[in-house]
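No value in this document is a laboratory result; all are computed from the given coordinates. Note that the structure is predicted; figures quoted are calculated from it, not measured. Using ideal geometry, Cβ is built from the backbone for each residue, glycine included, and neighbour counts are taken over all protein chains shown.
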Amino acid sequence: MAEKEIVETSEAEIAVHWGEEKFYHPSVKFIAQANMTDPAVYERFSLDNFPNCFKEYADLLDWYEYWDEILDTSDAPCWKWFKGGKINASYNCVDRHLAKNKNKTAIHFVSEPEDEKVEHITYQELFVRVNEFAALLQDFAGLKAGDRVTLHMPMIAELPITMLACARLGVIHSEVFGGFSGRACADRIVDSGSNVLITADAYYRAGKLLNHKQNADIAVDLAEKDGQKVDKVLVWQRYPGKVSSETPMVEGRDYFVNDVLKDYYGQRVDPVPMPAEAPLFLMYTSGTTGKPKGCQHGTGGYLAYVAGTSKYVQDIHPEDVYWCMADIGWITGHSYIVYGPLSLCASTVVFEGVPNYPDPGRPWRIAQNLDVNIFHTAPTAIRALRKIGPDEPAKYNYHFKHMTTVGEPIEPEVWKWYYEVVGKGEAAIVDTWWQTETGGFLCSTIPAITPMKPGSAGPGVPGIHAIIYDDEGNVIPSGAGKAGNICIQNPWPGGFQTIWGDRDRFVETYYARYCKDPKSKDWRDWPYMTGDAAVESEDGYYRILGRIDDVINVSGHRLGTKEIESAALVVEEVAEAAVVPVAHDIKGKEPDLYIALKPGLEASDELAQKISDTVCVEIGKIAKPRKVWIVTDMPKTRSGKIMRRVLGAISNDKDVGDVTTLANPEIVEEITKMAKK
Ligand code: WT7
């Protein structure tokens, strides 16, 4: 693979050249209303109090049977949390709120077309819809606890309804991001062994009603070729009662949910009390190599962890209107659109569209009209909105008390724009570092307790004890100015249980490297390896530099791509930056710097020079880019991450490989032509 050839993976130690940013403090007003203001929480969740500290999170939930063993390590490193407990996730996210809050909005569904009314689904209505669909899944689709079902659904209210209906029955849902292809869906159907596929006929994206049903046909055909037969395809209609896709229904296999559902009106299904360690869902994640891994998340531990972190890190109260702009097809949406906020009885926003359509004021109109007070998004969206609509937030009357950034390191310049312009200087920001595998946050500040530092995730959240190892397994201490492999010393309830059907790969990928004794049943011998490079400053804040594989070695100096990118962002005109290593006879590698400018600005040699000079000033001559390429757009994945692999292939004159799954494949050719000149 091209990627393997251009990256350095041999050592983990990186000299860090970044200067430290100053602290920002939350307002007195924020602190006065915050859920967690007691600094002793860090002591309560110290390693000395592990694992019993996590009782505090389990007690946020309702249990049918209380657990008798908090952490069972007998099958290390497949940890079992809250053993002996019985619980149902659907009950905790829906039923238990009815007594006091049945009339409160659970889900605000915002269609992309702005002339369509927002759908406000109350907890009572959610209860009814989840029950009816659970009855259908049970009787019509024949699903029962432990079965897997693949969902390939877009951002519509029926997606959380479907997930909660599965959870009600103990059926393991495996949602595939709606933007993925039929092929990607097929691979996940096969791996999970699903014989039911739940999809939708159509959805809106950037002004177009896309035919989504066609992917189901491809997925089912390809899955069958690979040995997994799908008996039933359940199709939600974007407009109930109306057909919005040209792709025909296959007789005896495909069913419109809205037709079948009529037989289940008024039905109720008792939530199935599930063992705490029963799997709740699978979420596939791709590594740099190999087939996607089905991260298996459990019920009790996962739900306790997302409830606890939603309450204390996201500061969610029942009266809050919370909007996470991620897609439910990613772990962020599972944990922090669906399970976390609903377990706390908040109102959660499900937005169908993209942030910059029809114009970059759209998110702020939604925030204004729903009076959203907690906002959650990723650096890629923040950069895009900063690039195309820097003055938009000021035009709208919304006020956030709290904002999250997640998904990749945020450049301090972008952080400051988020704080000052989007947050209007009023909102506390948390930079939450975590992974699909980890279920919930690993490092972040607690907004009313630990101050913010732009570009730094912060310390481990309560109960997460991070540690940085060099390649030999020596600990790199805080303040050493060196980065290494960031690992977590202890298990936590949100961590995935295994890779579906591949325990060996689970152990090998995440534990083998730093395991102290493979036979040990003691959790202390099994640090979890995240695969990220990080540096810990003297004050215990962790700055994540990206995947350990994304490190560039220039003449023996190891540079994090993110630090060079952050330096480039210091230049006013720069909207996005991506660094890739280029092979060099003498230096080993040199950085190539790709730049996208703010709109209306022209590329020029002077500007390229200015960016190059700034990198040298901010980091040092060692980081001087071989070349600054000013491009019209970056190649991006559907989730908005810049595809450095593709840029790396272009810079190194290698085959770019398959780019059809990118959000904007056409840009690849344009950049290739430019780089060849
Ligand atoms: C990788 C995980 C976290 C859920 C969504 C992405 C990077 C994630 C941050 C952050 C720096 C971050 C890491 C991590 N990452 N959040 N706040 N700061 N880097 O989940 O697709 O599993 O990706 O995203 O490299 O390992 P994912």
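Between the alpha-carbon centres of the stretch 584-653 and the stretch 104-127 there is a gap of 43 Å.
Computed packing ranks the peptides 32-43, 352-363, 447-458 as 447-458, 352-363, 32-43, most packed first, by mean other Cβ atoms within 10 Å.
Between the alpha-carbon centres of the stretch 234-262 and the stretch 169-212 there is a gap of 15 Å.
Compared with the dominant principal axis of the Cα atoms in the chain, helix 605-618 is inclined by about 90°. Using just its DSSP H runs of length 4 or more, each adding -39500 (n - 2.57), the chain gives a mean residue ellipticity at 222 nm of -7000 deg cm²/dmol after division by all residues. Other residues whose C-beta falls under 9 angstrom from the C-beta of K213 contribute a net charge of -4, scoring Lys and Arg +1 and Asp and Glu -1. Computed from Cα positions, the angle between helix 379-388 and the longest principal axis of the chain comes to roughly 70 degrees. For helix 158-169, what angle does its Cα long axis make with the longest principal axis of the chain, in degrees from 0 to 90 and rounded to 10? On a 0 to 90 degree scale, this one is about 60.
Each principal axis of the Cα cloud of the stretch 311-433 was evaluated for its coordinate range; sorted largest first, these ranges are 35, 30, 27 Å.
For the peptides 375-387, 649-661, the ranking by packing is 375-387, 649-661, with the highest mean count of neighbouring Cβ atoms within 10 Å listed first.
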